[in-house]
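Down below is the structure, laid out as structure tokens.
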Amino acid sequence: MALPDRRLRILVADDHAVIRKLLRTTLEQHPQLEVCAEAGDGATAIKTAKEVKPDVVILDLNMPVLNGFEAAREIKNDVPQAAIVIASSHVDKAFVEAAKRVGVRAYVAKTKVGVALVKAIEAALANEDFVAV
């Protein structure tokens, strides 16, 4: 797996601004990755995904208004071309399975973001399973 030769637009959704900044910094170390938008809750993530039509959406699970599972389900319906990656502090297998049930193929523990996030994006874009917990 490899990132495509074109620049990918990414929406980052997490209710903690510090985590969004960490994700942005991690992603933008790669010349093909650009954070085009951020959201602090699930409802805003859905609205923003509809507006900016990103290539990739990175979602936290514990967000206000709508959680990451609910947001993922809506984004999959409304912006089906967007690949979705869950980046969560929850590392229990039940959360990974719940993510798969809503159509998410890539799941990364926040503790593994530095080493696994780009691989998770590559897998999600290829519609392949990827789990790093």
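Only Cα pairs under 8 Å and 6+ residues apart enter the sum, and on that basis the relative contact order of the chain stands at 22 percent.
Taking the convex hull of the alpha carbon positions in the chain and averaging its projected area over all directions gives 6.6 nm². Note on region 14-133: with neighbouring protein chains present and a 1.4 Å probe, carbon and sulfur make up 51 percent of its accessible heavy-atom surface.
In this structure the chain gives 48 Å² per residue of accessible area when probed at 1.4 Å with all protein chains present. Scaled against 2.2 N^0.38 Å for its residue count N, the alpha carbon radius of gyration of region 81-130 is 1.02. For region 65-133, the relative contact order comes to 32 percent (Cα pairs under 8 Å, sequence separation of at least 6). For region 7-54, applying the loop criterion from DSSP together with a ceiling of 13 other beta carbons within 10 Å to the GluC sites (Glu not before Pro) yields Glu28.
Rounded to whole numbers, the Karplus 3J(HN,Hα) couplings from phi for region 2-7 are 8, 5, x, 6, 8, 6 Hz, using 6.51 cos²θ - 1.76 cosθ + 1.60 with θ = phi - 60°, and x at Gly and Pro.
Magnitude of the charge dipole for region 14-71, about its Cα centre and with charges confined to Cβ atoms of Lys, Arg (+1) and Asp, Glu (-1), is about 80 debye. Accessible surface of Thr111, taken over heavy atoms with a 1.4 Å probe and every protein chain present, rounds to 130 Å².
Specify whether the C-alpha gyration tensor of region 17-83 places it in the rounded, prolate or oblate class, a ≥ b ≥ c being the square roots of the eigenvalues: rounded for a/c under 1.5, otherwise prolate if a/b is larger than b/c and oblate if not.
On the way: a/c = 2.14, a/b = 1.28, b/c = 1.67.
Oblate.
For region 32-39, what does the Karplus curve 6.51 cos²θ - 1.76 cosθ + 1.60, with θ = phi - 60°, yield as ³J(HN,Hα) per residue in whole Hz, taken in order and with x for Gly and Pro? Here the 3J(HN,Hα) series is 7, 10, 9, 7, 8, 6, 9, 9 Hz.
Taking Cα centre as origin and charging only the Cβ of basic (Lys, Arg, +1) and acidic (Asp, Glu, -1) residues, the dipole magnitude of the chain rounds to 120 debye.
The values are calculated or read from the model by the stated rules, or taken from the named source; none is laboratory data. What you see is a predicted model; the values in this text were computed from it and never measured. Note that we place each Cβ from the backbone using ideal geometry, even for glycine, and neighbour counts take in every protein chain shown. Each accessible area value is taken on the protein alone, full model and side chains, heavy atoms only, with ligands, DNA and RNA left out. Shrake-Rupley method; radii C 1.70, N 1.55, O 1.52, S 1.80 Å.
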